[in-house]
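Read through the structure below, which is laid out as structure tokens, and then see the notes.
A short reminder: the numbers here are calculations on the coordinates, not readings from a lab. Since this is a predicted model, take the numbers as computed values, not measurements. Virtual Cβ from ideal backbone geometry, glycine too; neighbours counted across all protein chains shown.
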Protein chains: 2
Amino acid sequence: MIAEQYKEMLNGKSVIRELSEYATARGKEIGYENVFDYSLGNPSVPAPESFKEAMIKLLTEGDAMEVHGYSPSLGIVSVKEKVAASLNRRFGMSYTFRHIFMTAGAAGAIAHAVRAVTVPGDEVLTFAPHFPEYHPYINLSGAKLKVVPADTEKFQINFAVFEEMLTDKVMAVLINTPNNPSGIVYTRETLEKLADIMKRKSEEYGHDIYLISDEPYREILFEGVEEVYVSKLYDNTISCYSYSKSLSIPGERIGYIAVNPACKDAETIVNMCGQISRGIGHNCPSSIIQLAAAETVDDTSELSVYETNMNILYDELIKLGFTCVKPGGTFYIFPKALEEDAKAFCEKAKKYDLILVPGDSFGCPGYFRMAYCIATEKVERSLPALRKFVETEYGKR
Amino acid sequence: MIAEQYKEMLNGKSVIRELSEYATARGKEIGYENVFDYSLGNPSVPAPESFKEAMIKLLTEGDAMEVHGYSPSLGIVSVKEKVAASLNRRFGMSYTFRHIFMTAGAAGAIAHAVRAVTVPGDEVLTFAPHFPEYHPYINLSGAKLKVVPADTEKFQINFAVFEEMLTDKVMAVLINTPNNPSGIVYTRETLEKLADIMKRKSEEYGHDIYLISDEPYREILFEGVEEVYVSKLYDNTISCYSYSKSLSIPGERIGYIAVNPACKDAETIVNMCGQISRGIGHNCPSSIIQLAAAETVDDTSELSVYETNMNILYDELIKLGFTCVKPGGTFYIFPKALEEDAKAFCEKAKKYDLILVPGDSFGCPGYFRMAYCIATEKVERSLPALRKFVETEYGKR
């Protein structure tokens, strides 16, 4: 008998996917260049040349048996050494290869982290607005995801509610900064306060509370925003990274877990990840992709387009009277809809070939997400449509 | 608190890994060329040139945004179409892309298959001797692996015990032919009898019993052995394939699930795999590796060395008086040890720098495995050591 749990999930439609499919279909009618598709969070700039060169060098000069051979179950040691050295250089950490576990992107990283520090029935807290996939990531591991409602004023953290929800059952807190969908970067103050509360509660409850820090947008940080490395502020931190956005290689499924050396049982947690892999059939990311990513560990794609797009959109949104917190990074912006029901708002936007995603599935109704990882030229062309949409549907403001 | 289940697994040492580490350490003393290391099942021939060429072409001529972009959650459609067409051509099946789900090797395939057709508490049967990793693969999914004792006469199937163990609780049967560690290929007769019993019991119990067919060695078949495509004989078959051995790219983690189009809920099972992935953080295999594998879907590495090695070893083992079923494929052979305790036997072999793996962890004590995926020249050089070992420890036979 097939497993009903997964069969039932087939009925739950992804709002983002539906909108993206609508955009593609509409593109076939009027030309995709005329659809202002802000639905999908896919990088819009190619991988850096250095990544391509590293791949070709491995293929032409490397030993095929090694380049395509089994990776050790915890990842290729030389790769992990380069990852550790890069993090140490940039953030003043003291990782060794023993603190790094190579994964299939951030999704793979979170899948391992949650299994390492929770058992079925434990609670994991996250903060709205949040990446919708956190629900299956956490809940299908057996742990239970609980969402702290958003601080809609600044999209930092609603600490009063957080403290209430941080009960004895919570074994891990999952954060995502820079944040999908708000684009907001947690301030040092926010992270310090978060760390203080978690330390205090760990002591009160007599068990560790781990911080799982999902950081795929770490490299997309805008001008004037302080870069704070989360793990610096809280010892029991498991950083989950993906090269999907920094190197524009989301399909290559490459990332890592970096466990703070000061974390309790740090090396044991990394070793446990190797065991967890045996159960979930993950094994390691592709060997050649690991090796190429290590060669380009400090490189990124040309990411500046995202800040350019953000500034154009933010200014226009403010001009049009939207309430909107200015993003500090990522390629997302998360304004307040012009009516209470963001779904109705986004539905109306379709008439103007604007594809916007309602905030409901991010745990934050009444807001909407725009993923501006598209060409700047298209962002500019979308402004008249945005203006017309707002003025026609909601009147001059 | 960290998850004790995985922490405890760290204490369980892998016999194969320990032997391999011993071989490496011994190699440092006397030169690795003098260690007759039959411990590891790693391909010993490089990937075909066509794979390298396909990779380089994708990197130099492909669109980087596409080559490295997200794969759809069920795998890249054009890749799945090529996989389906190849299977249809070779085995007279009628797969479409809708029956194929791309995975991170056979491990990933089994992880998805078992979650699709069992729920926690269900039983899965397999047959000794078997790949030791089946224990974590199945048990960590929540299902329970039960092992049918070996038919040590021919390493086919002990049907009397199988029928007894095939109770109402069994939702899936997991087979591996050509087999690791025995090298044996199930005959058409064996597979037909297996299918008959499973059909009969499905009807008796009023629920489907799925056949999960683990086929990473499908392409390594020796002369005179009939190639039988398992799925042809039983509708409810989920074939789990890996390119690790056929293309010698075990580190690239690429394979697939092919669900028989006549299987009940075939397309639903494939779609469910996409949902299962969300829970285990697997997502898809690397996009570029998917695309390159599709270009070389009918190619293999130069695999003939394995048969050459098998013949040399088999003849010598028989000459030395071993009881041994002649392998029909793979790069393994599984003779009976010359004393009841195969662990003691393999321990003694180390004195002659022969690294053999006791059959205990394959669920078949009293036997030992030799992985002859090494250079033929080394196999030949190992024969005097083998002879000396046998004659010294067990007397002229």
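Points worth noting:
- Cβ-derived FRET efficiency at R0 56 Å, B:ASP315 paired with A:GLU393, nearest 0.05: 0.10
- Between copies, the label points of B:ARG381, set 7 Å from Cα on the Cα→Cβ line, lie 6.6 nm apart, reported in increasing order to one decimal in nanometres.
- At an R0 of 41 angstrom, the distance between the Cβ atoms of A:GLU49 and A:MET1 translates into a FRET efficiency of 0.20.
- Counting every other Cβ atom within 10 Å of each residue's Cβ, A:MET55, B:MET272 order from fewest to most as B:MET272, A:MET55.
- When Rg and the Kirkwood radius Rh are both evaluated on Cα atoms of the protein assembly as shown, their ratio Rg/Rh stands at 0.99.
- Net charge contributed by nearby residues that have their C-beta within less than 12 Å of A:ARG188 (K/R +1, D/E -1): -2
- In region A:36-97 the Cα-Cα distances spread across 10 Å bins starting at 0 as 17, 29, 35, 16, 3 percent of all pairs.
- With all projection directions averaged, the alpha carbon convex hull of region B:49-295 covers 12.9 nm².
- Cα centroid of region A:2-28 to Cα centroid of region B:1-55, whole Å: 42
- Overall, the ratio between the Cα radius of gyration of region B:177-287 and 2.2 N^0.38 Å, rounded to two decimals, is 1.18.
- As a proxy for reagent exposure, ranking A:HIS99, A:HIS112 by other Cβ atoms within 10 Å from fewest up yields A:HIS99, A:HIS112.
- When only the Cβ of Lys, Arg, Asp and Glu is charged (+1, +1, -1, -1), the dipole of region B:268-397 relative to its Cα centre reaches about 480 debye.
- Using every pair of separate Cα atoms, the Kirkwood estimate puts the hydrodynamic radius of region B:1-140 at 19.8 angstrom.
- Here, P(r) means the percent of Cα pairs in each 10 Å bin from 0 to the largest distance; for region A:266-397 it is 11, 32, 21, 17, 15, 4, 0.
- Each Cα pair under 8 Å and six or more residues apart adds its sequence gap; the mean of these over the residue count of region A:49-295 is a relative contact order of 28 percent.
- Sum of -39500 (n - 2.57) over DSSP H runs of 4+, divided by residues of chain A (222 nm, nearest 500): -13000 deg cm²/dmol
- Dipole of region A:255-397 [Lys/Arg +1, Asp/Glu -1 at C-beta], most positive-end residue of A:SER382, A:GLN275, A:VAL259: A:SER382
- Counting, for every residue in B:288-297, the Cβ atoms of other protein chains within 10 Å of its Cβ and taking the mean gives 2.
- Set A:LYS245/B:LYS13; A:LYS193/A:LYS264; B:LYS13/B:LYS169; B:LYS245/B:LYS336; A:LYS232/A:LYS336; A:LYS28/B:LYS57 screened for pairs whose C-alpha atoms are more than 28 Å apart: A:LYS245/B:LYS13; B:LYS13/B:LYS169; A:LYS232/A:LYS336; A:LYS28/B:LYS57
- Calculated FRET value between B:LYS154 and B:LYS199, using beta carbons and R₀ = 25 Å, to 0.05: 0.60
- Inter-copy spacing of A:ASP341 label points, which lie 7 Å from Cα along Cα→Cβ, given in nm from shortest upward: 7.7
- Peptides B:234-246, B:15-27, ordered by how many other C-beta atoms sit within 10 Å of their residues on average, highest first, read B:234-246, B:15-27.
- Our note on the geometry: Cα centres of region B:95-142 and region B:198-246, 13 Å apart.
- Shown for A:PHE162, B:PHE51: other C-beta atoms within 10 Å of each C-beta, ranked fewest to most, produce the order A:PHE162, B:PHE51.
- Rounded D (µm²/s) - region B:70-140, Kirkwood Rh over Cα pairs, Stokes-Einstein at 4 °C, 1.567 mPa s: 92
- At most 12 other Cβ within 10 Å, DSSP loop - GluC sites (Glu not before Pro), region B:135-169: B:GLU153
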